[in-house]
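K.L.:
Below is a structure I'd like to ask you about.
The values are calculated or read from the model by the stated rules, or taken from the named source; none is laboratory data. For clarity, every value in this text was computed on a predicted model and none was experimentally measured. Here the Cβ positions follow ideal geometry from the backbone for every residue, glycine too, while neighbour counts run over all protein chains shown.
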Amino acid sequence: MYNFEYNRPASLDDALKALSSGDEVKLMAGGMTLIPTLKQRLAQPSKLVDLSGVAELKGITVEGNAVVIGAMTTHATVAASAEVAAKIPALTKLAHGIGDPQVRNRGTLGGSISNNDPAADYPAALMALGATVTTNKRQLAADDFFAGMFTTALEEDEIVLKVSFPIPEKAAYAKFAQPASRYALVGVFVAKTAGGARVAVTGAGEDGVFRVAAFEDALSKNFSAAALDGIAIPAEGLNSDIHGAADYRAHLIGVMAKRALQAAG
Amino acid sequence: MSATGIGASVRRKEDLRFLTGRGNYTDDINRPGQTHAYILRSPHAHAKIERLDISSAQAAPGVIAIFTGKDMAADALGGLPCGWQIHSRDGSPMKEPAHPPLVIDRVRHVGDQIAVVIAETLGQAKDAAELIEVDYAPLPAIAHPGKALASAAPQVWDEAPGNLCYDWVIGDEAEVDAAIKGAHHVTRIELTNNRLIPNAMEPRAAVGEYDRSTGDYTLYTTSQNPHVIRLLMGAFVLHIPEHRLRVVAPDVGGGFGSKIYHYAEEAIVTWASAKVNRPIKWTAERSESFITDAHGRDHVTTAHLAMDKDGKFLAFKVETIANMGAYLSTFAPCVPTYLYATLLAGVYTTPKVFANVKAVFTHTVPVDAYRGAGRPEATYLIERIVSQAAREMGLDQAELRRRNFIKREQFPYQTPVALVYDSGDPGGCMEKALKLADYSGFEARRKEAAARGKYRGIGFSTYVEACGIAPSAVVGSLGARAGLYECGQVRVHPTGSVTVFTGTHSHGQGHETTFAQLVSDKLGIPIENVDVVHGDTAKVPFGMGTYGSRSLAVGGVAIDRAMDKVIAKAKKIAAHLLEAAEADIVFENGEFSVAGTDRKKAFGEISLAAYVPHNYPITELEPGLEETAFFDPLNFSYPGGAHLCEVEIDPDTGVTQVINFTAVDDFGRVINPMIVEGQVHGGVAQGIGQALLEACVYDEEGQLITGSFMDYTMPRADNLVSFTLDTHNVPAPDNPLGVKGCGEVGAIGSPPAVINAVIDALSPLGITDISMPATPPKVWQAIRSARPPLAAE
């Protein structure tokens, strides 16, 4: 990697100050994508602001009808949380299925959604549960937060503080892992929420995570796998690579959605 | 059997240091004044270098030197040599293009070496490398072996027209054609043996050091055969005589063949260490390993199997195109010929076999031996076509094999393709495997799976392989440019402890334990009193190294022979001390006694006398107790067995899950059953990897698409199943220890069992072919094509 200045603030204020201290300043959460990128010399920040010392960004609470998770909470912490398991077990399963133990012990919710890898798991959960992202500047609905592959609505001086997940009636996540990377080739998160059924797909879309209106309409009437019979997902706009062509991914969206629905009960 | 002797599952002595992180690998070695090398590599599969300017880079901070191919040429260095020469059917020698460690003006695969930057730190070397200016004129590239011979294909070498390295044959083509023509039934198959990337856990590394005061060079390297590297690099590339060149291969974290070969980086750091007069370290990054470690397999084959009305095999004709990559790696030419075609009779009495192998150059990483080397390719072909023949003939898989097996009493068996199998019992192995796998209950399991919506299948592989790679006279007549014996030295210390020096190299195989067991067993001393040394040309007299499952079958026998010499000398000493005739001395359980009396001397008393020869037959015998033996066997070693794989396929996703894997193998005499089982585990895991997961993909421009673990799928624990393993051992008469190789059989026997199981599972749909690896989208697509989707899907 290239040389850079390393900064590890202990408070959000200091982090924001560090973030605005130069042109090529980069935030680092768990670093699970950023560090490999640096090692391959694909990024050259002038300064790295490591958020791991900012205690106020960590933790899990239940607030009213929502589970609120701090941006710097690791996947392992979410996977082990009794509150999460009691309120949104689908999220427990999702967090437990990210990467491997090393990744889960370093990687964070905030890092994952800010990076918005098109095959990451968390974006599907935020979209399907109708989560709200709180930053130092504003609150954003998940639908407005994700803005295409590796792109979000975040501005340069904006840091994700926490994510509020409304507790659904039922929810489940089913992931078909790309066999080499174990990222989602297709991951489908289904949720029965107060506002109707929501279905979000990660891994498959050329523009990253997306919702499936046809599934949501059918499931809002009948939240069961059988409700999806006969609804085909078009291959247009889906990824094709050596691990699966677009038509395979389109097919898997239906298969994984049904498996998620069966798991959701 | 003693607790530490032959046949005991002694825990591996080496594991304490490996499991506690105290192994000493090449990258752990740091020499005083050490510098770091970074190698600038080609991003193009094929390009002319029109301009190479290192001037800005030379001025970068920390840079000590930058060398290019021209600098190496100016020192009149040789190219990386090929250790095996094949002749084409017309008698002409194979095309053998020059392979300079750094290219001069043309790159021929992504990863080809262009320049080396030597700097105080690795970061500085990388920074400087970014300042090297290279103007490439990209040229068209060819990556796929099946397309390399086409008339319009881009040419890799001017001296190899049509990209043909050699066009080799074995057997009588006219005879085989005639048998095929008159046959009751001919089964035809076309298949690909997929290219694999080895991915040893430890990446390659090399540290070169030059001592100006003595003129001695030392190379620390990740090698399976340090003496071979010393020979190849010293004699052919750098022109350094053996006594001035020490090669050390310390702990090595896996090789699987990829660390046999002499690589450019070894020559570069050794040569450059004298140029800069400081030690130089180079360690591959994982992404470098993908584009520089020799790959494996990569065959495209068409074959015909002729049968009579009873399914008796009459003739087998094979036409194979084998990818050599851009350059000939050390042993590449022998893999698709003498390690492949000589095995095409398999475990069957097929009387006539003919094979034609065309080796081709492509703009890809060189291809060479990878765990099994030629024998997995042969076994995959034979067992696929035999299984297909059984389906076409309407015969049970076991029954067709029974009708064609070489029977136990027919050994030694002369095949029509040169080899003489010394022993084996293919039928015995298969019958035992059928019982273990509950073959008779399979159809019930298939039905039960179908009720759950899954396709279940069972696949067979009954195989033999030729390993214990040795007989020097034989391999010499087949084109090897080296002998393939092995050396063992047994040094008995004054108090009776023993150090064994072996020319083989352990990089995961457990030699430090297995060889110590040989000594403990034969000399009757505790295993703790035995140490095994390998991997250093300054310590071990000589050796050809470890590959081709040869360490025990060849190197173990050399140690055994050295012990014979030790015992013979010790008996003379004992006879003197016991005042008896030498012929009356009996050596048993670590004690020398006079037959028929209670007079005896312990092993340690004899060794002490040898080194403190106060009372010693000094006029007849030298002091000391240390002996060396070289062993060159008269035949290969022929392990074999039966692998049965049971899979279930999920039609919704195309995912194949291995449900049961049963292997019954014949290893002759087993020294350490636990280590042997571990070798089978690893080999089967790699075989399942090849069959279901590992796809090495080059695009049309010769770019490696699967250049990292993000895209190249290595087998992991959750892809596997708990294996059911057993043995059916027939001691090897042609091996003095009765042993057979075991390191490669898992990777040789298993892939066809897995794919045959997949095809069996899908056979109700009329599917007769699935290529390796049987990935989920491939299987899903096959199901979809065979069974049009229902309207609701």
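K.L.:
Taking the condition part of a strand (DSSP E or B) and closer than 30 Å to B:Asp167 by Cβ, does B:Val300 pass?
P.N.:
Here the answer is yes, as B:Val300 does meet what is asked.
K.L.:
Could you list all residues from segment B:458-481 that are under 28 Å from B:Pro751 (Cα atoms) and assigned to a helix (DSSP H, G or I)?
P.N.:
Residue satisfying the conditions is B:Val475 alone.
K.L.:
Anything in segment B:116-129 that is surrounded by fewer than 24 Cβ atoms within 10 Å (Cβ to Cβ) and away from chain A (no Cβ under 14 Å)? List them, or say none.
P.N.:
B:Glu120
K.L.:
Of the conditions (1) in contact with a helix residue (DSSP H, G or I) (Cβ under 7 Å, 6 or more places away or on another chain); (2) assigned to a helix (DSSP H, G or I); (3) surrounded by 21 or more Cβ atoms within 10 Å (Cβ to Cβ), B:Cys429 clears all except one; give me its number.
P.N.:
If we test B:Cys429 against (1) in contact with a helix residue (DSSP H, G or I) (Cβ under 7 Å, 6 or more places away or on another chain); (2) assigned to a helix (DSSP H, G or I); (3) surrounded by 21 or more Cβ atoms within 10 Å (Cβ to Cβ), just (1) comes out false.
K.L.:
Failed condition for A:Asp229, given (1) without any contact (Cβ under 8 Å) to a residue 60 or more places away in the chain; (2) within 14 Å of chain B (Cβ to nearest Cβ); (3) within 21 Å of A:Ser114 (Cα to Cα), with all others met?
P.N.:
For A:Asp229, the exception is condition (3).
K.L.:
Moving on. Mind checking which strands (runs of 3 or more DSSP E) fall wholly inside segment B:588-655 and carry at least 1 residues that are at pLDDT below 95, within 30 Å of B:Val684 (Cβ to Cβ) and polar (S, T, N, Q)?
P.N.:
none
K.L.:
I'd like the full set of residues that are surrounded by fewer than 19 Cβ atoms within 10 Å (Cβ to Cβ), of a type outside the set (S, T, N, Q), in a loop (DSSP other than H, G, I, E, B) and without any contact (Cβ under 8 Å) to a residue 24 or more places away in the chain, limited to segment A:232-256.
P.N.:
A:Ala232, A:Pro234, A:Ala235, A:Glu236, A:Ile242, A:Ala245
K.L.:
So, one more: Answer yes or no as to whether B:Ser461 is of a type in the set (Gly, Ala, Ser), in the same structural domain as B:Phe354 (by TED's automatic domain parsing), surrounded by fewer than 17 Cβ atoms within 10 Å (Cβ to Cβ) and within 20 Å of B:Ala753 (Cα to Cα).
P.N.:
no
K.L.:
Further, regarding this structure: Inspect segment B:248-263 for any residue being touching a Ser or Thr at 6+ places or on another chain (Cβ under 8 Å), within 18 Å of B:Val116 (Cβ to Cβ) and either modelled with pLDDT under 95 or of a type outside the set (S, T, N, Q) (or both) and give the result as yes or no.
P.N.:
The answer is yes; a qualifying residue exists.
K.L.:
Hey, another quick one. Is it true that some residue in segment B:499-510 is assigned to a strand (DSSP E or B), under 27 Å from B:Asp734 (Cβ atoms) and either touching a helix residue (DSSP H, G or I) at 6+ places or on another chain (Cβ under 7 Å) or assigned by TED's automatic domain parsing to the domain that holds B:Gly738 (or both)?
P.N.:
yes
K.L.:
Look at segment B:1-52 and say how many of its residues are of a type in the set (Phe, Trp, Tyr) and part of a helix (DSSP H, G or I).
P.N.:
Qualifying residue count, segment B:1-52: 1.
K.L.:
Here are the criteria: (1) of a type in the set (Phe, Trp, Tyr); (2) more than 31 Å from the chain's Cα centre (by Cα); (3) under 27 Å from B:Pro733 (Cα atoms). Tell me which single one B:Phe630 does not satisfy.
P.N.:
The one condition B:Phe630 does not meet is (2).
K.L.:
Return yes or no: is B:Thr379 out of contact with any Leu (no Cβ under 6 Å at 6 or more places or on another chain), in a helix (DSSP H, G or I) and buried (at least 24 other Cβ atoms within 10 Å of the Cβ)?
P.N.:
yes
K.L.:
Hey, another quick one. Which is within 30 Å of B:Gly545 (Cα to Cα), among the β-branched types (Val, Ile, Thr) and out of contact with any Gly (no Cβ under 6 Å at 6 or more places or on another chain), of B:Val474, B:Val365, B:Val464?
P.N.:
After ruling out the rest, the residue left standing is B:Val474.
K.L.:
State all residues of segment B:170-223 that are among the basic types (Lys, Arg) and part of a strand (DSSP E or B); if no residue qualifies, say none.
P.N.:
Hit for segment B:170-223 is B:Arg188, nothing else.
K.L.:
Could you list, in sequence order, all residues of segment B:74-99 that are over 25 Å from B:Phe354 (Cα atoms) and of a type in the set (A, V, I, L, M)?
P.N.:
Listed by number, the residues that qualify are B:Ala74, B:Ala76, B:Leu77, B:Leu80, B:Ala98.
K.L.:
When you check B:Gly7 against the structure, is it small (Gly, Ala, Ser), surrounded by 13 or more Cβ atoms within 10 Å (Cβ to Cβ) and more than 26 Å from B:Gln703 (Cβ to Cβ), yes or no?
P.N.:
The answer is yes for B:Gly7.
K.L.:
Pick from B:Ala249, B:Ala274: which is in contact with a strand residue (DSSP E or B) (Cβ under 9 Å, 6 or more places away or on another chain), hydrophobic (A, V, I, L, M, F, W, C), farther than 22 Å from B:Gly510 by Cβ and in the same structural domain as B:Ala73 (by TED's automatic domain parsing)?
P.N.:
None of the other options fit; the residue is B:Ala274.
K.L.:
Which one of these does B:His493 not meet: (1) over 26 Å from B:Leu634 (Cα atoms); (2) surrounded by 18 or more Cβ atoms within 10 Å (Cβ to Cβ)?
P.N.:
Condition not satisfied by B:His493: (2).
K.L.:
Can you name the residue in segment B:133-148 that is surrounded by 24 or more Cβ atoms within 10 Å (Cβ to Cβ) and closer than 22 Å to B:Asp105 by Cβ and is also nearest to the chain's Cα centre (by Cα) among such residues?
P.N.:
In this case the residue turns out to be B:Ala143.
K.L.:
Criterion first (in a helix (DSSP H, G or I), buried (at least 24 other Cβ atoms within 10 Å of the Cβ) and more than 13 Å from chain B (Cβ to nearest Cβ)) does A:Phe215 satisfy it?
P.N.:
In short, yes.
K.L.:
Being assigned to a loop (DSSP other than H, G, I, E, B) and out of contact with any helix residue (DSSP H, G or I) (no Cβ under 8 Å at 6 or more places or on another chain) is the filter here; which residues of segment B:72-98 pass it?
P.N.:
B:Ala76, B:Ser88, B:Arg89, B:Asp90, B:Gly91, B:Ser92, B:Lys95, B:Glu96, B:Pro97, B:Ala98
K.L.:
Let me ask something else. Taking B:His46 and the conditions (1) more than 30 Å from B:Thr337 (Cα to Cα); (2) more than 28 Å from the chain's Cα centre (by Cα); (3) crowded, with 18+ Cβ neighbours inside 10 Å, which numbered condition does it fall short on, given that it satisfies the others?
P.N.:
Failed condition: (1).
K.L.:
Moving on to the next point. Mind checking which residues of segment A:166-205 are at pLDDT 95 or above, away from chain B (no Cβ under 14 Å) and part of a loop (DSSP other than H, G, I, E, B)?
P.N.:
A:Ile167, A:Pro168, A:Glu169
K.L.:
Given (1) of a type in the set (Gly, Ala, Ser); (2) assigned to a loop (DSSP other than H, G, I, E, B); (3) in contact (Cβ under 8 Å) with a residue 60 or more places away in the chain, where does B:Ala558 come up short, assuming only one miss?
P.N.:
(2)
K.L.:
Select from segment A:109-127 the residues that are in contact with a helix residue (DSSP H, G or I) (Cβ under 7 Å, 6 or more places away or on another chain) and of a type in the set (Ser, Thr, Tyr) and list them in ascending order.
P.N.:
Of everything in segment A:109-127, those that are in contact with a helix residue (DSSP H, G or I) (Cβ under 7 Å, 6 or more places away or on another chain) and of a type in the set (Ser, Thr, Tyr) turn out to be A:Ser112, A:Tyr122.
K.L.:
Do you know which of the residues in segment B:689-728 that are more than 8 Å from chain A (Cβ to nearest Cβ) and touching a Pro at 6+ places or on another chain (Cβ under 6 Å) is farthest from B:Val664 (Cα to Cα)?
P.N.:
B:Glu694
K.L.:
A further question follows. Return a yes/no flag: does segment B:429-447 have any residue that is modelled with pLDDT of 95 or more and touching a Cys at 6+ places or on another chain (Cβ under 8 Å).
P.N.:
No, that holds for no residue.
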